[in-house]
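Every read-out reported here was derived from the displayed coordinates using simple, explicitly stated rules and does not represent laboratory data. Keep in mind it's a predicted model, so treat the numbers as computed, not measured. Neighbour counts run over all protein chains shown; Cβ positions are idealised from the backbone, glycine included.
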Amino acid sequence: MSTPHPSPITDHADRTVLALETSCDETAAAVLRGGALLASEVASQIATHAPFGGVVPEVASREHLRALEPVIARALAAAGVTLDDIDAFAATCGPGLASSLMIGTSAAKGLAIAHGKPWLAINHLEGHLLSPFFGTHEGVRPAVALIVSGGHTLLVEIEAFGRYRLLGQTQDDAAGEAFDKVGKLLGLPYPGGPNVNRLAESGDPARVDFPRSMLHSDDFAFSFSGLKTAVRYLLPKLGDISLPDVCASFQEAVVDVLVAKTLRAAATTGRELIAVSGGVSCNTRLREKLRATCWARELELLIAEPTLCTDNAAMIGYVATLKLAAGETSSLTDDIDPNLRLVAS
Ligand code: KG4
Ligand code: ZN
């Protein structure tokens, strides 16, 4: 997908990048210079999709089309630059909704052609994966990484920038998907994740002993659909179990499995740094338990700040900056791939 660029690394050190993210239901643009964030704008479509209880692809692409230009304009204005100052245009090319990915990649390619500058196709999962390193002094370092989002739950070993080994992933629902489905079952507004998290704060995490699927399995795979089913079967016979208790107990079951498997991956690989990303890494209980467990095991923990955990274009711009620095750009024939993987199997 990427073609080598003959210029030496230092040529790209202060490059200004405009990055676009339109893979799902956030329309986002960011401007970075030399890897430093100048502006990051996100227009969320949550309110538009909420009445449907989930993202409607046709509605999402129409909203991207409407929102992208103003979002780009806001990002450029906030960064104090114009399109003429941009050295490279980047956009998420997958995985995600085909009709949504088309909007961002077409815009980035069009801008690149119009301004005679390179364009870069960026993997959304690589954006999440590397977001914890964004803004750190050392940049990307060897680590065990957990990506927990609405569409993905992956454990990955990072050897270096661009060298990743898939350790395991979910066999059914992603962690965020489980949060969203349980939120829907409980009648909470979309997306369920933040709302389940909020209600859980006043609940008892030990009130219901929900299953911890695959906790002791001999691999790094996950499964969350059984847990969601356990919540569904409990609902008609709640008795004096409160909604906050259900949320706290469900959340505890998800967090227990995520933390245990991540720690085991660190022990197995010998990596002493854990990098956590994706929308579910906003979850306060997950952050708290990871912090406590890593501290007890003397492991270093990097979790992106919440604005970088959910979908954003800054993480796409960060990967684009690293690729430029490595001399990589994309060809105009490089296209979207809704099923793009982080690691080719
Ligand atoms: O990374 P993201 O914005 O989009 C994807 O690439 O999927 O993740 C969105 C997911 C949603 O499932 C949302 O419910 C979940 O992240 N999420 C949370 C929290 N905040 C967002 N899940 C649990 N607790 C939260 N605080
Ligand atoms: Zn995402």
Under the span-like rule (Cα at least 27 Å along the axis, Kyte-Doolittle mean at least 0.5), DSSP H helices of the chain:
243-269
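Once fully extended, how much extra length lies between residue 202 and residue 305, figured as 0.36 nm per residue of separation less the alpha-carbon to alpha-carbon distance?
Numbers: separation 103, 0.36 × 103 = 37.08 nm, distance 2.38 nm.
Roughly 34.7 nm would be gained on extension.
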Per-residue [θ]222 nm for the chain (sum of -39500 (n - 2.57) over DSSP H runs n ≥ 4, rounded to 500)
-12500 deg cm²/dmol
Pairs 181/289; 109/323; 261/323; 117/323; 237/289: which are spaced more than 26 Å apart, C-alpha to C-alpha?
261/323; 237/289
Quick check: the distance between the Cα centres of region 273-304 and region 126-148, to the nearest angstrom?
12 Å
Taking the dipole about the Cα centre of the chain, with the C-beta of Lys and Arg at +1 and of Asp and Glu at -1, give me whichever of 36, 315, 186 is farthest to the positive side.
186
With contacts defined as alpha carbon pairs under 8 Å and 6 or more residues apart, what's the relative contact order of region 159-263 in percent?
35 percent
Over the alpha-carbon set of region 255-345, divide Rg by the Kirkwood Rh and report the Rg/Rh ratio to two decimals.
1.05
Ranked output for segments 277-290, 313-326, 131-144 by mean other Cβ atoms within 10 Å, highest leading, reads 313-326, 277-290, 131-144
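Beyond 20 Å, how much of the Cα-Cα pair distribution for region 141-303 remains, as a whole percent?
Working: 6194 of 13203 pairs.
So the portion of pairs separated by more than 20 Å is 47 percent.
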If one puts a single equal scatterer on every Cα of the chain and applies the Debye formula without solvent, what log₁₀ I(q)/I(0) results at q = 0.06, 0.09, 0.10, 0.15 Å⁻¹?
-0.21, -0.48, -0.59, -1.24
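Share of Cα-Cα pairs in region 95-191 beyond 16 Å, in percent? Show your work: numbers first, answer last.
Working: 3163 of 4656 pairs.
Pairs farther apart than 16 Å: 68 percent.
With +1 on the Cβ of every Lys and Arg and -1 on the Cβ of every Asp and Glu, and nothing else charged, how large is the dipole of region 138-189 about its Cα centre, in debye rounded to the nearest 20?
Working: 5 positive and 7 negative charges, 9 e Å.
With Lys and Arg at +1 and Asp and Glu at -1, about 40 debye.
Give me the dipole magnitude in Debye, nearest 20, for region 141-303 about the Cα centre, with unit charges on the beta carbon: positive for Lys and Arg, negative for Asp and Glu.
Numbers: 19 positive and 19 negative charges, 36 e Å.
Around 180 debye, computed over region 141-303.
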Point-charge dipole on Cβ atoms (K/R +1, D/E -1) for the chain, about Cα centre, debye to 20:
400 debye
Region 51-96 and region 170-197: distance between their alpha carbon centers, rounded to Å
25 Å
Placing +1 on each Lys and Arg Cβ and -1 on each Asp and Glu Cβ in region 104-199, then taking the dipole about the Cα centre, the residue among 135, 106, 116 whose Cα reaches farthest towards the positive end is 116
Just to verify a number: FRET efficiency for residue 52 and residue 237, C-beta to C-beta distance, R0 = 30 Å, to 0.05?
0.55
Nonlocal amide H pairs with residue 336, under 5 Å, H built at 1.01 Å
none
Please work out how much length the chain gains when fully extended from residue 288 to residue 69, using 0.36 nm per residue of separation minus the C-alpha to C-alpha distance, in nm with one decimal.
75.0 nm
Put +1 on the Cβ of every Lys and Arg and -1 on every Asp and Glu Cβ in the chain; which of 97, 80, 263 then has its Cα farthest towards the positive end of the dipole?
263
Show me the three semi-axes of the equivalent ellipsoid for region 301-345, from the C-alpha gyration tensor (sqrt of 5 times each eigenvalue), largest first, rounded to whole Å.
22, 15, 12
